[in-house]
1. List the pair-distance distribution P(r) of the stretch 276-354, using every Cα-Cα distance, as the percent of pairs falling in each 5 Å bin from 0 up to the bin containing the longest distance, rounded to whole percents.
2. Counting only DSSP beta bridges with both residues in the chain, tell me the antiparallel percent, nearest 5.
3. Can you find, among Y299, T254, S159, the residue farthest towards the positive end of the dipole of the chain? Put +1 on the C-beta of Lys and Arg, -1 on that of Asp and Glu.
4. State the answer as a single residue: which of L220, S149, I14 lies farthest towards the positive end of the charge dipole of the chain, with beta carbon charges of +1 for Lys and Arg and -1 for Asp and Glu, about the Cα centre.
5. If ligands, DNA and RNA are left out, what is the accessible area of R138 with a 1.4 Å probe, given in Å² to the nearest 10?
6. Given [x] 74, 53, 40; [y] 69, 60, 35; [z] 67, 47, 42, which label gives Cα extents along the principal axes in Å as computed from the coordinates?
7. Any idea of T273's accessible area? Nearest 10 Å², probe 1.4 Å.
8. Leaving out ligands, DNA and RNA, what percent of the accessible area of the stretch 216-354 is carbon and sulfur, probe 1.4 Å?
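The values are calculated or read from the model by the stated rules, or taken from the named source; none is laboratory data. It should be emphasised that the depicted structure is a prediction, and the values quoted were computed from it without experimental measurement. Glycine gets a Cβ as well: all are built from the backbone with ideal geometry, and neighbour counts include every protein chain shown. When the accessible area is computed, the model is the full protein with side chains, heavy atoms only, and any ligands, DNA or RNA have been set aside. Shrake-Rupley method; radii C 1.70, N 1.55, O 1.52, S 1.80 Å.
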Amino acid sequence: MKKFTAAVVGIGRIGWTLGFDKKREQPASHVMALKKNPRVKLIAGVDNDPKQLARFRAKNPLVRAYRSIDELYQNCDPDIVVVAVNESAHLQVTLDVLARSPRLLILEKPVALNLREAAKIKSAAKKFGVPILVNHERRHSVDYNLAASYLPKIGALQSITARLFSGMKLYDPACEDSGAYSLLHDGTHLVDIVLFLLETLEGGGKTIGNKAGGGARVLLKNPVVTGVFRDPKNKEIVRELSAHYSCKSCPQVTFFMSGRSRFFGFELDIVGTEGRVCIGNGYAKFYRRSPSKLYADFYSLSRDRGVALPKKTGYFANMVKNAVDFLDQKAPLKSTLQTGINALSVLEEIKAAL
C-alpha cells in the first residue's frame, strides 16, 4: 500500500499538543491525525522553539525534527506539508513552503491575517501549482455534514443565527499584526461553516465555493453590523457585535459574536418553514413539523428521533482522509484556499463596519 509522506511545520497546540487533551475527541492535532491515517507516514516536524523540538523528538523518536524549512528540505521532500504556525507567520512560512512545490499543502485556519496577504498566498499557489487544503475542520465533521444533508427537509429557510461566545477580545486594532483577536481566530470557523451549509444547499448537495473563481462569498449580501459593544476601558477594543446578511436561500443570516463571555460557545440555529436544526459544540438536534400535542388544529416542531447521531464527528481524521483521497484523485478538496478566502472576506467586511 502506497503511503504519502508528511511534515508538520509548527508543532504547538494545533500542530501537536492538543493530541494529548483527554477531553477532546481524538485525533485533535495535525501530528496525531497524520499518524493515525494508514496511508500517511509522518516523517518530520519543524519548529523554531528548541525546547518544543526536544519534547517532540522525545515523544516521536521515529520522526525527524528540524529547526527550519530549509533544514527540512535539505534532508527530505514530503508529499504533504502542514503549516500550523501562528497567524502572524502564515504568509512567510506558507510562501516558503509553496516555493518547494509539495504535492499538497494543508494550511491551518485562518488563511492569513488579511485579504492582502491571502492574495499573495493565492498567487504563489497558482505559480507553483500547489493545491491548498484549509483546516476549517467543521467541513469535514460528520455532524455538520449531517446537518447540511438535513436542510432540504426543513422547508424554505427563514433564518440562520450563528453564535460565538468567548472571553477573548473580539477585535483590537492593536492586534492586527498578530491576529490575536476572536473575530479572526474563532470567527473564521463561524463564518465558514455557514458558508459551507449555504454552498451545499444552493449547490444541490455539492460544495460550490471551492472553484477557482469563488462562489460562496457572494452568497451573502447586504451586510449590516449592529449591537457593537466596546470595552469600557478602551473604546478601540470591540467585545460584541451582530452582523446581518441576506442571501438567495435565506432572508436572514445573523452572526452574533461575543468576546466578553465567561465561557466558550459555538452554535448554529437554522429555522425553516417545516423544521429546525440546532447544532454546536457537542450536540446536534433536528426537528420536524408535526401535529401539536398542545393545541388542536395546530402544528409544532418535534424532535426527529430517526436521525442517527454519530458517536464521533471525525473532524480531524476526515480532514486527513480528504487529503489522501484528493491525492489519490478520488475526491475534490472540501475546504480549499478559495473557501478560506471567502470566509476571510466576510470577516474583513464586518471589521470595516466597526
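1. 3, 11, 11, 11, 13, 15, 13, 10, 7, 5, 1, 0
2. On the way: 41 of 68 bridges.
Roughly 60 percent of the beta bridges in the chain run antiparallel, per DSSP.
3. Y299
4. S149
5. Probe radius 1.4 Å; accessible area of R138 about 30 Å².
6. After the calculation, the listed value that fits is [x].
7. Only protein atoms counted, so the area is about 80 Å².
8. On the way: 3880 of 7490 Å².
Carbon and sulfur: 52 percent of the exposed surface of the stretch 216-354.
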